[in-house]
Structures are given as structure tokens and as C-alpha cells.
Amino acid sequence: MEKSNNQPAISTGYSSWRELPHIPVSIPCKGSIGETGKWRTFRPVLDAEACIKCGICYLYCPDGVILYQDDAVPEIDYTYCKGCGICVTVCPKKALEMVQEQQ
Amino acid sequence: MKTEQEKEQTIIMSGNYAAAWGAKCSKVKVVSAYPITPQTTVVEKLSEFVDNKELDANYIRVESEHSVMAALVGSSMTGARSFSATSGQGLLYMTEMLHWVSSSRLPIVTTIASRGIAPPWNIWADYTDILSIRDCGWIIQFASTHQEIFDSILMAYKIAENSEINLPYFIVYGGFIQSHTSKPVRIPPQKLIDDFLPQPPKDGWGHINLDPDKPITHGNLVMPEQEYLDFRFLMQDAMIKSKETIKKTINGFNTKFGRNYNGLVEEYCCEDADVVVIAYGALAEQNKIAVDQMRAKGCKAGSLKLRYIRPFPTEELLELFNGKVEVIGVVDRGTAFGNPTGGPISTEVMSLLFRAKRKVKALPCIWGIGGRNVTVDDQVGLYEKLLRIKNKNEYPTDETCQHGTVWMGLKIGV
Ligand code: SF4
Ligand code: SF4
């Protein structure tokens, strides 16, 4: 896996255990574990016609990669969407569908 | 006239109440605990203190011991002084979270009223509960008197909250006889206690502070090539370093409060002893009477009480072995099935004989399991066994000695 630019704080700058803090702590940042979009085998695809802009998918996405503002069709950030399919399961209008990556 | 804050009081109380009083006088901010025999009266007393507003703390009620420790992980991460108490099965149920606490380096203090593990059900003194989680990164201290339970809690927070250490801390005492009998306990003036143990810094422990305004993530995935191994080494390093902090803290406490606690071990008549029994807990305290009786008969007997098993008093034991002692009896009140000796601590103590400069013989023993009574006569009997080894190189061959270990009180018929 390619490494993202956003590495957790822990993995930079320690060459000796003597310099380490008691525990690893990281400052939350976008994609701190790397580009999780590369984990995907299926991608959620949104049918803007069927979407009623309720935002339920945005609430349930465990990775916070659905961008949603009131009255707009949500957008999915495929760089980090790991393809779990939860958004598809919770959509009340079946406006989301999982599609195999190669297709 | 002296105010309430400046007065010393002596109160007759149970061992469990001494634990509750220790938490109260340490001004803990969060208590979470689930009642379990024989610990229950600790948390009953604490909830009473909170209810009466004698203790300004949050008492978090939860559905299990696992959740108890999970709740305290959260509270301690905000820098709140946090306390719990448990026993036996409850401690085992907590096990996963115990690692979360130590690996997050949180200075939580918990008292254990040790009891036998079920099945069959047993609620009497037996340290198998604490011994079976001895390697989870908590400091483990035994308290063998009521006063020691109370005093130890004050010292425990001071040691655990030291930023060089930041390890959680267990204070362990025997279920029922110690937890439920009553004795006088001296409660020093609160002012003096506050002076010894000030409140922790407002902005939390140096290494972690949960603050919604400064979000952090903790417990993230750490890859094999990253520093997981190094963080584990840091815990061992802190454990070893804690020995000095423990000794300094005890000395400071003795001076301030007029007590006489020893360091990691407490020796009784060991300087010139040929035979020494090494044990822990209240039975190690009682063992001093057996020493007196042996001494009255002209035998050079000694007793060494392990006050701590984590960190392990390696240097103190080596000093004993490198001195005059010829035979040691090493006693567990707890089991470790399949261990070379059947007891965990006797195996650890005996492993150090290899590092001693001279040959010392050893007899491992297991006593008091499931609250089985151990009398001074029984303890004198153990010294006599050690003397036979010393004088005639005769190890016990009777049926209570199985697989090289004496199981004191094992039923063998007539
Ligand atoms: S598939 Fe999973 S990760 Fe991707 S947008 Fe849906 S809920 Fe979020
Ligand atoms: S849950 Fe379905 S309908 Fe609601 S916003 Fe998401 S895609 Fe649209």
C-alpha cells in the first residue's frame, strides 16, 4: 500500500525508545491510516434521481467519507470510502448500490 | 481548638472500610465499582460517602466489572483521580480492561479483597485472583493490616501519578478475615494528607488528556515496524524505575505520618537466620509469631514478607540469598497449575536462586487455599521441615509433599 502524506504523529521522528512518550497518541487528521479507498472491492454508487437528500447515509458511514449538506445530493469521497456497504443498507430509497470495482 | 481538618481520628473499622476511607481521604474524583463478595462493603461505604457529600466524587454505576474499568479508563484519561475495588471472579472479568489501563499508563488505584476462584464457589482468602493477572502491567502490593490498607492507598496514588511511572496500582488483602474483621485505624488530619497527596494537575497527565477542544485519538493501530515493541519496553522500564519511587514515597510517608513501613520487602529476624520463610499477605505477618517461637527454642529462624510482587523485589531477595541463609521456604497462597512448583511466586523466587552467589536450598509450599486455616503451629511445622533440610538434607517425604511442593493441610486420611 502506498503511504499517504498524513502519517500518524507516532510514526515520525523517533529513533530511540528514550525519546518516546508513554503512549502513542495521534491528532485526528484526514486519512491518518492511509488511503482506505484501496481496500474496496465494491463501491457504493449513488443514483441522484432516486435520492431524497435525507442524509441518513452520511449519518451512518463509519468513516465519515460521505459529504453532505442540507438539500444537496451527498457526495462520496472514494479516496477513503472503504466499501463496507453500510450506506447502501440504510438508504431508505435504495438510491445507493454496490458495484464491483472492475465494472 | 483544632478543626475537623486538623484532627487525627482513630476509628474502629473493617479492612473494607479502611479501603473506602483510603479512597475518601485521597479525594478521588471518580469511583466505579460493581459489588462482589467479599469486597461489597467497600463500595457500599463509598456510595454512602458520595451520597452524604463527604466525598465530592462521581459514582458511576455500571453493569459489570469489565465496564467498571472501561468507565475508569475514560475518567482517568481526563486527569480525574479514579478508584475501584473488586475481588475474585470480578477481577477476572475485568482482565481485558486491566491491560487497557496499564497500556494507556493510567494511574488508577484498585483494591482487591482476594478470594478463591470458582468453581466450586469460594469467597475466602486466596490470592489466585490477583496472581493470575500478575503480568498485566499493574503494580501489585499486599497490605497485611487494616492500617496498611488505608495508608497504602495514599501512597499508591502518589507513586502511580508520578509522571516517570504512570502505572496503575493494586492493593491486595485477604477476603473475609481481613476484609470483614474490625480493628482501630488511625486517620491522619486531612490537611496533612492533602499536603502529602495534592490534587493532580488540572490539565491532566502529561501523556494523555481527553479534552473536547483538543481532540486526539488513542489506541490506534500500530504496525509491526512502528513502535509497539518499544512502548512495551517502556512499561517494563517504568516498572523497574518504580522501585526507587516506591521506596522514596514510603520514606516520605513514614516521616510525615510517623509510620514504619518497609520497602518492597519486610524482613523479620533475617540478618543471622539459617532458615527463612518467604511469603506474602496477612499469613506472612502471622508468621512472625512462628519465628518468635522458633527463636525461643534457640533456632535461627527468619521471615521475609513480600510487600510487592510487581515490581519484583529482585535485589532484596538476592541480598538475602547472598547473606547467611541456608534454606528458604517459599510459600504461595494461590495456585499456578502446571508451574514447576504449583504456585506462581515460589517459582519466581526460586528462579532467582540461580543468580545467587552461594547455594541456598529451597522448599516450595502452598498454604491457606480457599481460606483454609493456617495456624502458628502449622507455620512452626514448616520451619521444622526447613531445619531437617538444613541439618540432615532431608526433604519431606510425607503425602502432603507432592511433586516437590508441600501442600499444607492437604487431606491424606489416617
Ligand atoms: S461504503 Fe461504507 S465507507 Fe463507503 S461511503 Fe458507504 S458507508 Fe461510507
Ligand atoms: S440515504 Fe439514500 S436517499 Fe438519503 S441521502 Fe443518502 S443516498 Fe440519498
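Among the residues of the stretch B:101-123, are any out of contact with any Lys or Arg (no Cβ under 6 Å at 6 or more places or on another chain), part of a helix (DSSP H, G or I), more than 22 Å from residue B:284 (Cα to Cα) and not β-branched (Val, Ile, Thr)? Yes, because at least one residue in the stretch B:101-123 is out of contact with any Lys or Arg (no Cβ under 6 Å at 6 or more places or on another chain), part of a helix (DSSP H, G or I), more than 22 Å from residue B:284 (Cα to Cα) and not β-branched (Val, Ile, Thr).
Looking only at residues in the stretch B:215-243 that are in contact with a Pro (Cβ under 7 Å, 6 or more places away or on another chain) and modelled with pLDDT of 90 or more, the one that is farthest from the other protein chains (Cβ to nearest Cβ) is B:243. Restricting attention to the stretch B:150-157, does a residue exist that is surrounded by fewer than 24 Cβ atoms within 10 Å (Cβ to Cβ) and under 21 Å from residue B:338 (Cβ atoms)? So far as the stretch B:150-157 goes, no, none of its residues is surrounded by fewer than 24 Cβ atoms within 10 Å (Cβ to Cβ) and under 21 Å from residue B:338 (Cβ atoms). The set of residues in the stretch A:45-63 being outside any loop (DSSP other than H, G, I, E, B), of a type in the set (A, V, I, L, M, F, W, C) and either within 14 Å of chain B (Cβ to nearest Cβ) or near ligand 2 (Cβ under 8 Å from one of its atoms) (or both) consists of A:46, A:56, A:57.
Please verify whether the stretch A:54-65 includes one or more residues that are more than 27 Å from residue B:220 (Cα to Cα) and either within 8 Å of ligand 1 (Cβ to nearest atom) or more than 17 Å from the chain's Cα centre (by Cα) (or both). Looking for residues that are more than 27 Å from residue B:220 (Cα to Cα) and either within 8 Å of ligand 1 (Cβ to nearest atom) or more than 17 Å from the chain's Cα centre (by Cα) (or both), one finds at least one in the stretch A:54-65, hence yes. When B:61, B:105 are checked against the criterion of being among the basic types (Lys, Arg) and touching a helix residue (DSSP H, G or I) at 6+ places or on another chain (Cβ under 8 Å), a single residue qualifies: B:105.
Here is a yes/no grid of residues against (1) aliphatic (A, V, I, L, M); (2) at pLDDT 95 or above:
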| position | (1), (2) |
| --- | --- |
| B:161 | no, yes |
| B:171 | yes, yes |
| B:180 | no, yes |
| B:192 | yes, yes |
| B:199 | no, yes |
| B:205 | no, no |
| B:213 | no, no |
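The set of residues in the stretch B:206-233 being touching a residue at least 24 places away in the same chain (Cβ under 8 Å) and over 15 Å from residue B:100 (Cβ atoms) consists of B:206, B:209, B:211. Residues in the stretch B:63-74 that are part of a loop (DSSP other than H, G, I, E, B) and under 25 Å from the mean Cα position of the chain (by Cα): B:64 only. Residues in the stretch A:86-103 that are surrounded by fewer than 16 Cβ atoms within 10 Å (Cβ to Cβ) and more than 11 Å from ligand 2 (Cβ to nearest atom): A:99, A:100, A:101, A:102, A:103. Exactly one residue among B:402, B:379 is farther than 22 Å from residue B:134 by Cβ, buried (at least 23 other Cβ atoms within 10 Å of the Cβ) and of a type outside the set (Val, Ile, Thr), and that residue is B:379.
Of the residues in the stretch B:314-321, at least one is in contact with a helix residue (DSSP H, G or I) (Cβ under 6 Å, 6 or more places away or on another chain), within 24 Å of residue B:174 (Cα to Cα), at pLDDT 95 or above and assigned by TED's automatic domain parsing to the domain that holds residue B:391. Scanning the stretch A:77-88 for residues that are under 11 Å from residue A:40 (Cβ atoms) and within 10 Å of ligand 1 (Cβ to nearest atom) yields A:78, A:80, A:81, A:82, A:83, A:84, A:85. Considering the stretch A:71-85, the residues that are over 22 Å from residue A:29 (Cα atoms) and surrounded by 13 or more Cβ atoms within 10 Å (Cβ to Cβ) include one that is farthest from the chain's Cα centre (by Cα), namely A:73. Of all residues in the stretch B:284-324, those satisfying the criterion of being farther than 27 Å from residue B:131 by Cα and among the basic types (Lys, Arg) are B:295, B:297, B:300, B:324. Each residue in the stretch B:80-105 was checked for being closer than 16 Å to residue B:40 by Cα and small (Gly, Ala, Ser), and 5 pass. Taking first residues from the stretch B:334-352 that are at positive phi and in the same structural domain as residue B:279 (by TED's automatic domain parsing) and partners that are aliphatic (A, V, I, L, M) and part of a loop (DSSP other than H, G, I, E, B), no Cβ contact under 6 Å between residues at least 6 apart in sequence or on separate chains turns up.
Cβ-Cβ distances below 9 Å connect the following pairs, each with a first residue in the stretch A:60-75 that is on the phi < 0 side of the Ramachandran plot and acidic (Asp, Glu), a second residue that is within 9 Å of ligand 2 (Cβ to nearest atom) and assigned to a loop (DSSP other than H, G, I, E, B), and a separation of six or more residues or different chains: A:70/A:53; A:70/A:55; A:75/A:68.
Residues being closer than 26 Å to residue B:208 by Cβ, away from chain B (no Cβ under 14 Å) and out of contact with any Gly (no Cβ under 9 Å at 6 or more places or on another chain) are entirely absent from the stretch A:19-26.
The values are calculated or read from the model by the stated rules, or taken from the named source; none is laboratory data. Being a predicted model, the structure only gives us computed values, none of them experimental. Reconstructed Cβ throughout: ideal geometry from the backbone, glycine too, with neighbour counts over all protein chains shown.
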